[in-house]
Each structure stands twice: as C-alpha cells, then as structure tokens.
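A short worksheet on the structure shown next.
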Amino acid sequence: MTGSRAAGEWVPAEVDIDRPSAARIYDYLLGGGHNFASDRELAARLLAAQPNVREIARLNRAFLRRAVMFMIESGVRQFLDLGSGIPTVGNVHEIAQNAAPGTRVVYVDYEPVAVAHSRLLLADDPDAVIVDADITRPDDVLDAPATRRMLDFDQPVGLLAVTIGHYIPPEADPAGLFARYREALAPGSHLALTHLTDDFATVDGERIVETMKATQNNVFPRGRQEVLDLFAGFELVEPGLVTTSQWRPENGFHEVRDVQQDALYAGVGRRP
Ligand SMILES: C[S@@+](CC[C@H](N)C(=O)[O-])C[C@H]1O[C@@H](n2cnc3c(N)ncnc32)[C@H](O)[C@@H]1O
C-alpha cells in the first residue's frame, strides 16, 4: 500500500487508498466519511461527466428502501444483498428489522472498507452478517457458511442486486450469473435490481465508462432488453422495469423531472 493514512485507524491494511473504488466513491457521493482523496478526485471527475450523479445515487438508495419495504409487505423475512457497499444511511437490515423484527440479512461485498465497516456495524446483530466474497463466484456466496446459517433457501428470499449488475463484465456472463442466483431461490422470492443504462440521451455512458476505468471497478451500461433478461423466469411486479424514481414513488413525490436522468433502470421481480 502506498500513500498516507490521513483517514486514521479505521483503514483496513489491505486497502489501496490510491486507487479509487466504487464502494468509496458511492459513500462519498452519499455524504459518507469512509473515502480517500483518490475517491473524492474521481468523484469530481464523475460529476464533470454526469453532473447529477449525486442525485442518481440518492434516488438509487431511495429505491432500495422502497423495494425492501415492498418485499417485507410481501412476506419476505430474509435478504441476500449482493454488492451491499459501505454501510450508510438506511441500511437494509435497519429498514427490514425495523419493519419486521428478526428479519435476517446477508450482505455480500469484496471491498475491504465495505467489509470491515459492515463487520463493525453488525457485530451485535445476530440476524445480520457480511460475507466477504466476489459475487461473480456464486458458489462462494451461496455456500458460504454464514449464508447457509442465516438463510433458509426453502423459504422466500429477497435478492438485492442494486447498482451491482453494471460492474459485471460481459466475460463474466451477467445473464448466466443472475440465473444461478435466481435458481437458488424458492417460489415467492423476489429480485430487486438497478442497472446503469446508456439508453437515455441524458446519460453520457461513454464518459462514465471512461472515467471509471481509473478505479477498481469498470462499468458496463446495458440496454433495456439485457437488463430485462436478468429477471428471466421472474414476473416483474408493477410498474415493471422503469427508472429508480418511477418505481412506486411514495405519496408526495410529485416532482416534475426528466426521469431519464435517473440513469438507472429499476425493477422488482417475483419468482412464481
Ligand atoms: C455502488 S455500490 C452499491 C451499494 C448498494 N448496493 C446500494 O445500491 O446502495 C456497489 C458495490 O458493489 C461492490 N462490488 C462490485 N463488484 C463486486 C463483486 N464482483 N463482488 C462483490 N462486490 C462487488 C462494490 O465494492 C460496491 O461496494
């Protein structure tokens, strides 16, 4: 590791603080404090490429909350959160356990800061855990002892893949990968996902892709059909595949806005 540890003791030893990561850039965009100068510089470049990127992140996080609440209302009491990120405002276990005490949550991430802080946060919660794994290796995730201990795959699971699909390169076969996760789930399970798209003229996909090449996480925007394919065999609940702010907006959310600026497709599907 190079660079100074200006951020202090909380930095796990294996972190490369000079190479920005998606987890820490996202943390910074949401107003969090677990990021380094390199992440903030990259975020500034991202803001130049896509000036509303903070809003994109905020709307994504708000979608995550509504999707979790929808699943809770549908009877889901256990969640598998792929690419869960650095704990921030409105974590899945907080939302879910507040609404339904005892709900179990398995977080999965491979970014050392995300893993370390999730571990700290969850130390006293017997119903939530972080699995340090690469989600492109589904067996590592699904067969992890903590996953098996926490989740009952004979019962419905809420699978969360929120701003994670676009980090999966084509050679890792995103459709096949999602199929592997979906197949592990019982009827009544749900999948919620958001995914970067360059279908919209208001999103400079090429510039975002170029900017993110300097990070540990390249991005791969995808078109509507490719995103729909990630739900294969699941039935999309109303209103189908839309953008983050359009998915079941809450009462009072009547902003007049160009929803294409959300930049992320969002949807929830249910295994029949
Ligand atoms: C933008 S954050 C999203 C956090 C959260 N899901 C949300 O939407 O609020 C994306 C996260 O995915 C993680 N990630 C990316 N590729 C991954 C992989 N192959 N395995 C595990 N985690 C991954 C990153 O480390 C990062 O924490």
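No lab work stands behind these numbers, since they all come straight from the coordinates. Source: prediction; values computed, not measured. Here the Cβ is made from the backbone with ideal geometry for all residues, glycine too, and neighbour counts use every protein chain on show.
Quick look at the numbers
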read-out	value
From phi via Karplus (6.51, -1.76, 1.60), per-residue ³J(HN,Hα) for segment 149-165 in Hz, x at Gly/Pro	5, 8, 10, 9, 6, 8, 10, x, 10, x, 8, 10, 10, 9, 6, 10, x
Residue exposure sequence - Arg248, Arg224 - by fewest surrounding Cβ within 10 Å	Arg224, Arg248
Fewest-first ranking of Thr243, Thr202, Thr136, using other Cβ atoms within 10 Å as the exposure measure	Thr202, Thr136, Thr243
Inter-part distance where segment 150-179 and segment 185-243 are each reduced to a Cα centre, Å	12 Å
Extension gain, Asp125 back to Ala146 (0.36 nm per residue minus Cα-Cα distance, nm)	6.2 nm
Backbone HN-Hα couplings from phi across segment 170-182 [Karplus 6.51/-1.76/1.60, Hz, Gly and Pro as x]	x, 5, 8, 6, x, 5, x, 5, 5, 4, 4, 5, 4
In order through segment 52-59: 3J(HN,Hα) via Karplus (6.51 cos²θ - 1.76 cosθ + 1.60), integer Hz, x for Gly, Pro	9, 5, 5, 5, 4, 5, 5, 5
Packing-based exposure ordering (other Cβ within 10 Å, fewest first) of Phe63, Phe178	Phe178, Phe63
FRET E, pair Asp258, Ala232, Förster distance 22 Å, beta-carbon r, rounded to 0.05	0.15
